[in-house]
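I have placed the structure first, in the form of structure tokens, so that the comments after it can refer back to it.
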Ligand code: NDP
């Protein structure tokens, strides 16, 4: 096998221009690891935070944790994956590349019914949607939910899963195109961000919603709190518009005994059993036609910087993938 492959390298923190295509040595599968040929890699907001320095990273590095592809080698001690298997992960290493490594216990078997580009679109946002509505807050049938960025990657998946749960779903979006996508995904009411908290109060006859899922962060935080019913919960899971600054806990008291949780996916994939439970529910829903993953944009590997620009400029819908 050729020992070289193409990979994206982030040389230093900065804008999307710091991502460049390089020839690198194909990594070797160490004990307990799987080497796979990447068919498609998922692009996620966290990689923009790492590239720009919002989250810590050691440079130079190859970004990316999410991908799907075909196993080409397994390390010592790997028993549940073989060469030729189709594999996906949200927790690989350096997936913006033609070849990537994942520890076997973090690898997921891809059902034969799911094409690899769709499989690459599911692990991170799909398992996130799953833990958000099942574990960080358990949504019950009949509850009312506010979900920001309803046409985004997490947004479209979570909307469908919430409707399957028989929740009432109110979303926010920024454009007509995104509104249409959010409605097709099942949203009952689709709002624009301007004065959304007031619109939520009107839609709920002044009660407010049971839970807000907020991945937008800085720009929506205050309105999200103002949208909650007494004893409601804000699940703050991201900061697409910027991170929320330090905040006075007393506001939870005056707002009506509110709760806030600031979860991250890794803490909801604590072991193989939990990871495979979430992944199998997501993959099975797709295989059975009950959940649709929308790939809104595809970029060749060499255009990883353009993929980051698209994500950060909020021009994307659904999933963004890189195809080596
Ligand atoms: P999206 O596909 O939802 O893209 C982000 C969307 O946020 C945009 O399309 C845009 O939709 C909206 N947005 C609002 N304001 C801004 C802004 N100023 N700049 C950019 N976007 C903005 O991304 P993901 O589904 O991948 O992720 C959503 C959020 O969830 C991110 O913050 C991400 O970091 C976080 N996340 C957190 C996880 C966790 O476990 N904690 C796991 C997965 C994701 P619109 O134009 O409609 O407003």
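Observations, loosely collected:
- Close pairs from region 204-228: first in contact (Cβ under 8 Å) with a residue 24 or more places away in the chain and farther than 13 Å from residue 243 by Cα, partner within 15 Å of the ligand (Cβ to nearest atom) and assigned to a loop (DSSP other than H, G, I, E, B), Cβ under 6 Å, at least 6 apart: 211/137
- Filtering region 156-183 to residues that are without any contact (Cβ under 8 Å) to a residue 40 or more places away in the chain, buried (at least 21 other Cβ atoms within 10 Å of the Cβ) and within 21 Å of residue 314 (Cα to Cα) leaves 159, 170, 171, 173, 182.
- Yes/no for residue 307 being farther than 19 Å from residue 47 by Cβ and either in a helix (DSSP H, G or I) or within 12 Å of the ligand (Cβ to nearest atom) (or both): no
- Just one of the listed residues (297, 293, 279) is outside any helix (DSSP H, G or I), in contact with a helix residue (DSSP H, G or I) (Cβ under 7 Å, 6 or more places away or on another chain), surrounded by 14 or more Cβ atoms within 10 Å (Cβ to Cβ) and touching a residue at least 60 places away in the same chain (Cβ under 8 Å), and it is 293.
- Selection within region 315-324 - surrounded by fewer than 17 Cβ atoms within 10 Å (Cβ to Cβ) and part of a loop (DSSP other than H, G, I, E, B): 315
- Among the candidates 256, 266, 296, the residue that is within 30 Å of residue 13 (Cα to Cα) and either in contact with a strand residue (DSSP E or B) (Cβ under 6 Å, 6 or more places away or on another chain) or more than 10 Å from the ligand (Cβ to nearest atom) (or both) is uniquely 296.
- Considering (1) more than 16 Å from the ligand (Cβ to nearest atom); (2) within 23 Å of residue 141 (Cβ to Cβ); (3) crowded, with 21+ Cβ neighbours inside 10 Å, the lone condition that residue 225 does not fulfil carries the number (2).
- Those residues of region 86-118 which are assigned to a helix (DSSP H, G or I) and closer than 21 Å to residue 270 by Cα, in sequence order: 104, 105, 106
- One residue from 206, 186 being away from the ligand (no atom under 14 Å from the Cβ), surrounded by fewer than 18 Cβ atoms within 10 Å (Cβ to Cβ) and over 22 Å from the mean Cα position of the chain (by Cα): 206
Taken together, the values in this text are just the output of simple stated rules run on the coordinates, not laboratory data. Computed from a prediction, not measured in an experiment: that's the story for all the values here. Every residue, glycine as well, gets a Cβ built from its backbone with ideal geometry; the counts of neighbours run over all protein chains shown.
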